[in-house]
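Take a look at the structure below.
Bear in mind these aren't lab numbers, they're just calculated from the coordinates by the rules spelled out. Small disclaimer: the values here were computed from a predicted structure and weren't measured. With ideal geometry, Cβ positions are generated from the backbone for all residues, glycine too; neighbour counts draw on all protein chains shown.
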Amino acid sequence: MKILVINCGSSSLKYQLMDMEDESIIGKGLVERIGIPGSRIIHKVDGQEDYVVEEPMENHKDAIKYVFDALTHEKYGIVKSLDEITGIGHRVLHGGEKLSEPVIVTEEVKEIIRDHIKFGPLHNPGNLMGIEACEEIVPGKPNVAVFDTAFHQTMPDYVYMYPIPYEYYKKYAIRKYGFHGTSHKYISYRLPEIMGVDREDMNFVSLHLGNGSSLAAIRKGKVFDTSMGLTPLEGLEMGTRSGNVDPTVVTFLMEQENLTPQQMNEILNKKSGALGVSGLSSDFRDLEDAAHEGHERAELALDMFIIRVKRFLGAYIAELDGCDAIAFTGGIGENSKTIRHLVCKNLEHIGIELDQEKNDVRGKEALISTENSKVKIYVVPTNEELMIARDTKSLIS
Ligand code: ADP
């Protein structure tokens, strides 16, 4: 069985075709700059040169047409006909309160995605367009929606509610939803497997640190708390997102600088975080290099990131009533030994003891704590595409 996984961002689209017999990747690719001059698709298959097409692509529907063309291309294609693809799994950002599991796309599901554009204005429209393009171009093929919010639906009300007048929850469903759910879910299955314990028998903190970052406190396989909220803006400092600030900062700035809600959103989502503080870059590799050379604001941005990760980690260990492990994942978590070291530094008193030698790994599964460390520390590369493909397979089988 071959499953196509599609992940539509606001102006990009990633895809991966998987063979579910052995869960291997047959080919994958990326469409960049959708709706912006310079659109292009890069189609990659192991052992052959990349196939690149640069053509204007106005929207996600145009992009999907190029994806299907690449998949069936005479020379670079990986299927003879689209009939070989059994189903399509779509990553969708926001599913609100109604969806706690992946679902086969129906009119009702699309309505829920449309209804949550209000909380995911950058992602839900592209996600929906991707689904509709597939429905149109390959009619009859099952589409499955896998929501970033779904895995977090197990949080209790006293964790997901905000302490604002209750009527706003009733009126607008304003509450914490959490994101990166597919990644945290993958870790919640893979980590117990690596440790050789039952997932019902362990508590751990999953640290997804990447361009966007979130922590999740996972108790017996279920999310108890997570750091992102109504939208992916809450929580940690991120590449370009502010994470938590005193809400008054927002109203004060809007008044002083005469900003519309949209302009304020743009500042908090795209011009803040590590980029806003450093004035240099949102990329943590650049920041580490610059800090090393003495760039003070890059160092400040990194210090601010680390203290926030520690703050949530400490809080979640307290919330879990006992923590067996912590797991680093995401671009930064998987690759940066420096950041893992700084996050774990001076936490021996709460049972977290990093082994510096074992920590010298990149991008692969590893136990990186000392033998004495009460809380085991792991690197577990995430695999959201695999998770989406598995969910798609199990729903359409
Ligand atoms: P996304 O949230 O877009 O999926 P990723 O999980 O791919 O992003 O993470 C991207 C981030 O990971 C970037 O900030 C990048 O600099 C960082 N990163 C990747 N490799 C390293 C590394 N070796 N050291 C530090 N940061 C790294």
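For the stretch 179-249, the direction-averaged projected area of the alpha-carbon convex hull comes to 4.9 nm². Straight-line cross-link reach from K220 at under 17 Å between alpha-carbon atoms covers these lysines, not counting any fewer than eight positions away in the same chain: K185, K376.
Name the aspartates and glutamates eligible as straight-distance cross-link partners of K65: C-alpha to C-alpha under 15 Å, and not fewer than 8 places from it in the same chain. Counting by Cα, and skipping residues close in sequence, K65 has these aspartates and glutamates nearby: E32, E54, E55, E132, E135, E136. Once you order the gyration tensor axes a ≥ b ≥ c over the Cα atoms, which shape class does the stretch 173-292 get: rounded for a/c under 1.5, otherwise prolate or oblate by comparing a/b with b/c? The shape class here is oblate.
A simple charge model with +1 on the Cβ of Lys and Arg, -1 on the Cβ of Asp and Glu and nothing else charged puts the dipole of the chain at about 520 debye relative to its Cα centre. Extension gain for D286-D83 works out to 68.7 nm (0.36 nm per residue, less the C-alpha to C-alpha distance). Evaluated with a Cβ-only charge set (Lys, Arg +1; Asp, Glu -1), the stretch 247-379 carries a dipole of roughly 160 debye about its Cα centre, given to the nearest 20. Taking GluC sites (Glu not before Pro) across the stretch 223-326, the ones in a DSSP loop with at most 12 further Cβ atoms lying within 10 angstrom of their Cβ are E257, E293.
Legend: Rg and Dmax of the stretch 221-317, from Cα coordinates, 14.6, 46 Å. The distance linking the stretch 86-155 with the stretch 289-308 is 37 Å (Cα centroid to Cα centroid, whole angstrom). Hydrodynamic radius of the chain by the Kirkwood approach over all distinct alpha-carbon pairs: 22.1 Å.
Taking all C-alpha pairs of the stretch 143-189, those more than 13 Å from each other amount to 61 percent. When the scattering of the stretch 283-353 is computed by the Debye formula from its Cα atoms alone, each counted once and equally, what is log10 I(q)/I(0) at q = 0.25 Å⁻¹? With no solvent term, the Cα-only Debye profile gives -1.20. Peptide packing for 207-219, 348-360 was compared via the average number of neighbouring C-beta atoms within 10 Å per residue; ordered from the highest value, the list is 207-219, 348-360. For the listed peptides 108-114, 390-396, a ranking on the average number of other beta carbons within 10 Å per residue, highest first, reads 390-396, 108-114.
Annotation: the stretch 21-93 has a Kirkwood hydrodynamic radius of 13.2 angstrom, from the mean reciprocal C-alpha pair distance. By the rule of a C-alpha distance below 18 Å, with chain neighbours fewer than 8 residues away ignored, the lysines paired with K118 are K98, K110, K170, K171, K176, K270. Measuring between their Cα centroids, the stretch 337-359 and the stretch 36-84 lie 43 Å from each other. So in the chain, what percent of DSSP beta bridges are antiparallel if you round to the nearest 5? Of those bridges, close to 65 percent are antiparallel. From helices alone, the chain scores -11000 deg cm²/dmol at 222 nm; the rule is -39500 (n - 2.57) for each run of n ≥ 4 DSSP H residues, then divide by the residue total.
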